């Protein structure tokens with residue numbers, strides 16, 4: 001019987017090699033009976049379930065509005081500070097606010113800027129659509145950067161056929177004051193007068209479903 005350890009030819013009656021004293025059992029006893037398994041990692045602190053069990057597909061954790069501790073959607077009490085989540089905070093966990101879509105006014109190419117001249121901050125404004133009863137969630141706000149923008153269906157509400165695809169209105173900013181001017185063929189741009197608003201001759205006022213033309217006497 002040939003030794004699997006050193007290759008020495010031994011009599012068949014031998015149970016160990018005459019040369020190296022290794023067991024002669026088909027080579028099986030030359031290997032350890034088992035292979036040592038690596039020790040499982042020990043968790044020594046509180047961690048997020050989504051980190052320990054990523055395969056579960058758990059939703060991303062929200063944070064406690066009081067201490068910032070990660071919390072799962074549907075949890076009523078923060079496990080870290082004991083803050084009781086209000087109904088409004090719980091709703092915010094379930095329905096995160098949509099991110100605003102940004103519309104940047106193209107800037108004309110210019111030469112080298114004097115580094116000692118302070119650049120005026122860029123004008124910004126936001127138009128936030130009001131959620132309708134037929135909508136499952138509120139549309140995303142529209143953020144406009146720059147002094148002048150032509151408003152139309154594509155940058156206001158892409159699915160709203162009551163807004164023209166051409167130019168509904170022009171939104172502009174002069175000396176920090178924003179203005180809007182109707183440009184639609186159907187004249188369907190109006191402002192809700194929820195505070196005292198200056199009127200000029202020719203302004204159209206929509207009250208209920210009837211329009212009125214203003215003129216000072």
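The set of residues in the stretch 172-181 that are under 17 Å from residue 103 (Cα atoms) and loosely packed, with under 10 Cβ neighbours inside 10 Å is empty. Over 21 Å from residue 189 (Cβ atoms), modelled with pLDDT of 80 or more and out of contact with any helix residue (DSSP H, G or I) (no Cβ under 6 Å at 6 or more places or on another chain): is that true of residue 68 in this structure? Criteria not met by residue 68.
So, in the stretch 201-214, exactly how many residues are more than 25 Å from residue 152 (Cα to Cα) and surrounded by 10 or more Cβ atoms within 10 Å (Cβ to Cβ)? Before you say what the answer is, go through the steps one by one.
Residues of the stretch 201-214 more than 25 Å from residue 152 (Cα to Cα): 201, 214.
Okay, now just the ones that are also surrounded by 10 or more Cβ atoms within 10 Å (Cβ to Cβ), so 214.
Total satisfying the criteria: 1.
Screening residue 161 with (1) surrounded by 11 or more Cβ atoms within 10 Å (Cβ to Cβ); (2) over 26 Å from residue 216 (Cβ atoms) gives one miss only, at (1).
Output yes when any residue across the stretch 92-101 is over 30 Å from residue 145 (Cβ atoms) and either touching a strand residue (DSSP E or B) at 6+ places or on another chain (Cβ under 7 Å) or at pLDDT below 70 (or both), and no when none is. Lay out the reasoning, then the answer.
Within the stretch 92-101, the subset over 30 Å from residue 145 (Cβ atoms) is 93-94.
Going one step further and asking which of them are either touching a strand residue (DSSP E or B) at 6+ places or on another chain (Cβ under 7 Å) or at pLDDT below 70 (or both), we end up with 93-94.
Within the stretch 92-101, one or more residues are over 30 Å from residue 145 (Cβ atoms) and either touching a strand residue (DSSP E or B) at 6+ places or on another chain (Cβ under 7 Å) or at pLDDT below 70 (or both).
Within the stretch 182-200, the set of residues being loosely packed, with under 11 Cβ neighbours inside 10 Å and in contact with a strand residue (DSSP E or B) (Cβ under 7 Å, 6 or more places away or on another chain) comprises 187 only. Scanning the stretch 1-48 for residues that are at pLDDT 75 or above, out of contact with any helix residue (DSSP H, G or I) (no Cβ under 9 Å at 6 or more places or on another chain) and not in a loop (DSSP other than H, G, I, E, B) yields a count of 3.
The values are calculated or read from the model by the stated rules, or taken from the named source; none is laboratory data. Nothing here was measured: the structure is a model prediction, and the numbers come from that model. All Cβ positions, even for glycine, are placed from backbone atoms using ideal geometry, and neighbour counts span all protein chains on display.
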